[in-house]
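Q: Would you mind keeping the following structure in view while I ask a few things?
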Amino acid sequence: MTDSPRESVVRDADADVAPSEEGATLAELRHPEAEPLLKNLPYRLRELIPVAAAVGVGIWVLVMTGNIQAHNRGELGPQFWPTMLATAMIVMGGLLILTNVMRGVRPADIPDHMTWWGISRLLISGAVLVGYVLLFNVLQFWLITIAATALLVALYGLRGWRALVVFPIIIGAVLHLLFITFLGVPL
Amino acid sequence: MIEPLMTGMLPDLFHAASSQLVLANSVLDGASVVLRWDTLIYIGLGMLVGMLVGAFPGVTATMAVALASGFTLTMEPLQGLAVLLTIYVAAQFGDRVPAILINTPGTPSSISTTFDGYPMAKNGQAGLAMTVSAFGSAFGMVFGTILLALFAIPIAGLAREFGPPELFALVVFGLTMMIGVSSGRITKGLIAGMFGLFLATVGRDPITGDQRFTLGILELNGGVPFIPVIIGLFGLAEVLNQMITHRRNEKQIKPIQQLGRWFPDGATFRRILKPMGVGAGTGSVVGLVPAVGGDIAGIIAWDNAKRVSKNKHEFGKGSIEGLTAGDTSSTATIGGSVTTTMALGIPGDSVMAVLIGSMMIWGIQPGPALFANDPSLVYSLAMILLIATVLSLAVSLVRMKSMVKLLELKNQYLWVIILVFCIVGTFSINNSVFDVMVMLIMGLVGLFMLRFGFPPGPAVLGLILGPLAESNLRRTLIGGGWEAFLGSPIALVLFAISAAALILPPLRAMRARRKAAMAGKDEGMSVLIP
């Protein structure tokens with residue numbers, strides 16, 4: 001199962017669909033597994049981050065498992081399952097070094113480039129959303145929804161009265177009707 | 001003469017007749033609770049949302065169902081199920097539109113639609129491609145739903161015999177199947193699954209009740225709330241990823257405007273019958289395998305249809321047969337997915353994993369006991385799927401120029417809608433700011449997973465199935481040690497299939513790479529390996 005359609009699609013809309021070859025079906029040729037591994041050093045070194053994450057979480061869980069205050073500290077007590085999982089995570093982290101760092105990375109695992117503008121947008125969006133949540137039950141829900149929506153729309157570069165006024169009002173009205181009027185959520 | 005009748009045939013006849021009556025009663029009960037005006041309104045709402053979700057590339061059915069689960073939790077369980085299932089079904093119709101008009105699948109299930117749908121559109125047959133695709137999708141759905149109605153209760157009956165070793169093996173089976181199809185990312189899939197299993201350990205131990213990993217936070221005593229985790233991983237993370245990679249002057253792809261002929265003629269209908277059969281057969285079998293979704297089923301059926309077709313050369317260049325087979329197959333999986341999800345408690349795909357999360361909050365535990373206790377539920381679900389299919393087909397057959405316009409909507413509007421829905425939907429579950437914070441944190445975790453190639457599906461599955469896995473493993477080991485697994489043929493078979501699911505994909509990848517390299521050589525091209 002692919003979770004993001006972007007990973008598996010043909011990105012260029014004008015690209016012709018290649019006819020299948022004898023012996024190698026179109027599906028196989030299109031499948032990400034059929035693509036050769038990327039062996040560039042920066043790509044392979046980048047894979048050390050997921051390795052560190054897996055091993056780090058594993059070690060943290062092992063340490064925290066020792067702190068569990070349990071009535072039964074026997075072999076099959078509350079520590080048994082987390083210890084097993086943490087050990088397996090550390091082993092899998094080691095396996096990632098063998099597969100991705102030493103052999104190479106599949107092209108599908110290389111994400112689109114981030115932009116500085118994109119990261120700024122992410123941080124400002126985070127601040128707007130946290131502010132939005134904290135103002136629940138403080139100000140009128142429809143009012144803060146319209147304000148937050150207008151701020152986000154402006155942040156993402158949309159301009160004009162339709163984007164900055166009509167769209168936020170529609171969102172505010174729909175959410176108010178759905179959550180407060182129909183579902184009775186105390187917002 | 002009367003005596004043998006009384007002692008032999010008559011009780012058998014009476015038993016058979018009463019079984020038929022019970023079955024008919026269950027069917028009527030199940031159907032009648034769906035055929036209420038309020039439930040039908042919710043199905044209509046789900047259909048609208050699903051069609052829109054499918055039409056927008058980048059918004060997956062999983063994301064939509066995760067977001068919708070935020071506000072359906074306050075509904076009656078059946079009404080909530082009606083909304084979520086209908087979104088899932090309708091998204092399978094709506095996602096064909098961008099696949100055909102801009103060569104971009106609306107959801108992963110329509111990957112195979114792009115193989116022939118877009119070439120057909122380029123040949124001036126976009127309208128025909130969309131209607132044929134809708135007929136194929138509807139046929140697949142109906143076929144899958146009939147299988148659900150026929151086999152869900154017998155499968156649940158078999159699974160009721162399972163003890164702790166078999167149940168643990170079943171969880172391992174479900175997890176490994178999902179990891180095995182994670183686009184070749186086996187190791188990262190395993191790590192994601194273990195992360196989900198670890199999240200499930202937060203809170204009280206399922207056997208002793210001791211607190212674990214709560215970090216002194218009161219709200220974590222009951223465990224990590226899974227709907228916020230699901231919304232964060234599937235909804236927020238995808239938007240954040242699009243946000244950080246989107247460029248200011250990025251151009252939106254222009255859809256094909258000329259739709260051409262709309263309705264298929266008799267000859268076209270006759271031509272698509274065979275690929276419909278191939279697609280329905282393939283999708284039904286693939287759908288029964290836990291965690292394998294419509295994307296894979298569509299590709300397999302496309303390949304199968306090509307093998308049996310007299311017009312192999314047309315495949316990939318605008319074959320109506322290839323389009324029909326792929327689309328029929330990807331929707332035929334839904335019946336199988338619902339069957340394994342409800343009868344075994346093992347999600348058929350990532351949408352079903354989200355659905356299980358919602359059901360558990362409603363107090364419904366999917367698994368072998370569900371259909372045994374309430375057999376009419378099977379028929380309620382089947383009826384919801386059928387109504388959703390008929391409505392989606394009807395909407396798909398209306399020639400709507402506005403659908404083309406819809407594809408020109410800027411992504412930024414979608415980001416805002418999804419972000420606000422993530423926040424308000426999560427808050428509305430328990431009126432809890434803590435839940436919203438969990439969702440935001442899991443959104444960042446999900447972004448990390450997306451950027452570094454960890455599939456989020458196994459993490460959610462691990463979170464949902466974690467308590468079942470841990471308690472059954474420990475019960476098995478306390479009862480009979482590791483040898484208990486050797487005494488269970490069902491567990492051994494499930495472990496063997498799980499091992500194959502992890503070992504075979506890397507072998508298949510090697511074979512596919514070798515074939516791709518050979519194909520490149522045959523064309524006189526060099527395969528670039530940086």
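The values are calculated or read from the model by the stated rules, or taken from the named source; none is laboratory data. From a predicted model like this one, the values you see are computed outputs, not experimental measurements. With ideal geometry, Cβ positions are generated from the backbone for all residues, glycine too; neighbour counts draw on all protein chains shown. Note: accessible area is taken over every heavy atom of the protein model, side chains too, but ligands, DNA and RNA are not part of it. Shrake-Rupley method; radii C 1.70, N 1.55, O 1.52, S 1.80 Å.
Q: Quick one: if you stick a label point 7 Å off each Cα along the C-beta vector at A:Ile180 and A:Arg159, how many nm between them?
A: Computed distance between label sites A:Ile180 and A:Arg159 equals 3.3 nm.
Q: Tell me the chymotrypsin sites (Phe, Trp or Tyr not before Pro) within the range B:387-485 that lie in a loop according to DSSP and have at most 15 other beta-carbon atoms within 10 Å. Don't skip to the answer; put the middle values down first.
A: Numbers: sites: B:Tyr413, B:Trp415, B:Phe421, B:Phe427, B:Phe434, B:Phe448, B:Phe452, B:Trp482, B:Phe485; in loops: B:Phe452, B:Trp482.
When the chymotrypsin sites (Phe, Trp or Tyr not before Pro) of the range B:387-485 are filtered for loop state and at most 15 Cβ neighbours within 10 Å, B:Trp482 remain.
Q: Order B:Ile100, A:Ile59 by their accessible area, 1.4 angstrom probe, all chains in place, largest first.
A: Output order, biggest surface exposure first: A:Ile59, B:Ile100.
Q: Could you pull out every residue, at least 5 positions away or on a different chain, whose amide H is within less than 5 Å of the one on A:Gly157? Hs are placed 1.01 Å off N in the peptide plane, and Pro or chain starts have none.
A: It is none; the list stays empty.
Q: Ignoring ligands, DNA and RNA, how do A:Trp142, B:Trp362, B:Trp37 rank by accessible area with a 1.4 Å probe, largest first?
A: B:Trp37, A:Trp142, B:Trp362
Q: Starting from the Cα gyration tensor of the protein assembly as shown, take the square roots of the eigenvalues, sort them a ≥ b ≥ c, and report rounded, prolate or oblate (rounded when a/c is under 1.5, otherwise prolate if a/b is larger than b/c, else oblate). Present the calculation step by step, with values, prior to reporting the outcome.
A: Working: a/c = 1.17, a/b = 1.04, b/c = 1.12.
Rounded shape, in that the Cα axes give a/c under 1.5.
Q: Classify the range B:195-280 from the C-alpha gyration tensor, please: rounded if a/c falls under 1.5, else prolate or oblate depending on whether a/b exceeds b/c.
A: It comes out oblate by the Cα gyration axes.
Q: Would you check the accessible area of B:Glu166, probe 1.4 Å, heavy atoms only, in square angstrom rounded to 10?
A: 30 Å²
Q: Further, regarding this structure: Could you give the dipole magnitude of the range B:298-378 about its Cα centre, charging the beta-carbon of Lys and Arg +1 and that of Asp and Glu -1, in debye to the nearest 20?
A: 360 debye
Q: For chains A and B, what's the summed buried accessible area, probe 1.4 Å, to the nearest 100 square angstrom?
A: Summing both sides, the interface buries roughly 9300 Å².
Q: About its Cα centre, what dipole magnitude does chain B give when the only charges are +1 on Lys and Arg Cβ and -1 on Asp and Glu Cβ, stated in debye to the nearest 20?
A: About 2220 debye.
Q: List, in the order given, every pair from B:Lys122/B:Lys515; A:Lys39/B:Lys515; B:Lys274/B:Lys312 whose Cα-Cα distance in the structure shown is over 21 Å.
A: Numbers: B:Lys122/B:Lys515 29 Å; A:Lys39/B:Lys515 19 Å; B:Lys274/B:Lys312 14 Å.
Over 21 Å apart, Cα to Cα: B:Lys122/B:Lys515.
Q: Okay, moving on. Tell me what chain B gives for mean residue ellipticity at 222 nm when only DSSP H runs of n ≥ 4 count, each as -39,500 (n - 2.57), the sum divided by the residue total, rounded to 500 deg cm²/dmol.
A: Dividing the helical sum by the residues of chain B leaves -24000 deg cm²/dmol.
Q: I would also like to ask the following. Note down the nm distance, to one decimal, between modelled labels 7 Å out along Cα→Cβ at B:Leu486 and at A:Met102.
A: Using points 7 Å along Cα→Cβ, the separation is 3.3 nm.
Q: Counting Lys +1, Arg +1, Asp -1, Glu -1, what net charge surrounds B:Arg36 among other residues with beta carbon under 15 Å of its beta carbon? Walk me through the numbers on the way to the answer.
A: On the way: positive: none; negative: B:Asp29, B:Asp38, B:Glu76.
Surrounding charge for B:Arg36 is -3.
Q: What ³J(HN,Hα) values, in whole Hz, does the Karplus curve 6.51 cos²θ - 1.76 cosθ + 1.60 give for the range B:323-335 when θ = phi - 60°, with x put for Gly and Pro?
A: Along the range B:323-335, the couplings run 4, 5, 4, x, 6, 4, 5, 5, 7, 5, 5, 5, x Hz.
Q: Further, regarding this structure: State the percentage of accessible surface on the range B:365-443 attributable to carbon and sulfur atoms; use a 1.4 Å probe and exclude ligands, DNA and RNA.
A: C and S atoms contribute 68 percent here.
Q: Which percent of Cα pairs goes in each bin when the distances of the range B:119-158 are cut into 10 angstrom slices starting at zero?
A: In order of increasing distance, the bins hold 27, 28, 20, 15, 8, 1 percent.
Q: To the nearest 20 debye, what charge dipole does the range B:270-414 have about its Cα centre, counting +1 at the Cβ of each Lys and Arg and -1 at the Cβ of each Asp and Glu?
A: About 780 debye.
Q: Continuing with this model, one more query. Let's test the formula: R0 of 35 Å, r as the Cβ-Cβ distance of B:Leu444 and B:Glu408. What FRET efficiency results, to the nearest 0.05? Before the final figure, lay out the partial values.
A: Details: r = 31 Å, r/R0 = 0.89.
E between B:Leu444 and B:Glu408, to the nearest 0.05, is 0.65.
Q: Still on this model: Under a 5 Å amide H to amide H cut-off, with H placed in plane at 1.01 Å, what residues pair with A:Leu38 once short-range neighbours are removed?
A: Here A:Val105, A:Arg106 satisfy the definition.
Q: From the P(r) of the range B:86-240, can you give the percent of Cα pairs sitting at distances over 26 Å?
A: 54 percent
Q: Right, here's the next one. In whole Hz and in residue order, list the ³J(HN,Hα) couplings for the range B:156-173 that follow from phi through the Karplus curve 6.51 cos²θ - 1.76 cosθ + 1.60, θ = phi - 60°; x for Gly and Pro.
A: 4, x, 5, 5, 5, 7, 5, x, x, x, 5, 5, 5, 4, 5, 5, 4, 4
Q: Whole-Hz ³J(HN,Hα) for each residue in the range B:228-234, computed from phi via Karplus 6.51 cos²θ - 1.76 cosθ + 1.60 with θ = phi - 60°, x for glycine and proline: what do you get?
A: Values per residue, Gly and Pro as x: x, 5, 5, 5, x, 6, 9 Hz.
Q: Using label points projected 7 Å from each Cα along Cα→Cβ, tell me how many nm separate B:Leu40 and B:Asn430, to one decimal.
A: 3.8 nm
Q: Using a/c under 1.5 as the rounded threshold, could you call chain B rounded, prolate or oblate? The axes a ≥ b ≥ c are square roots of the C-alpha gyration tensor eigenvalues, and prolate needs a/b larger than b/c, oblate otherwise.
A: Note, shape of chain B comes out rounded.
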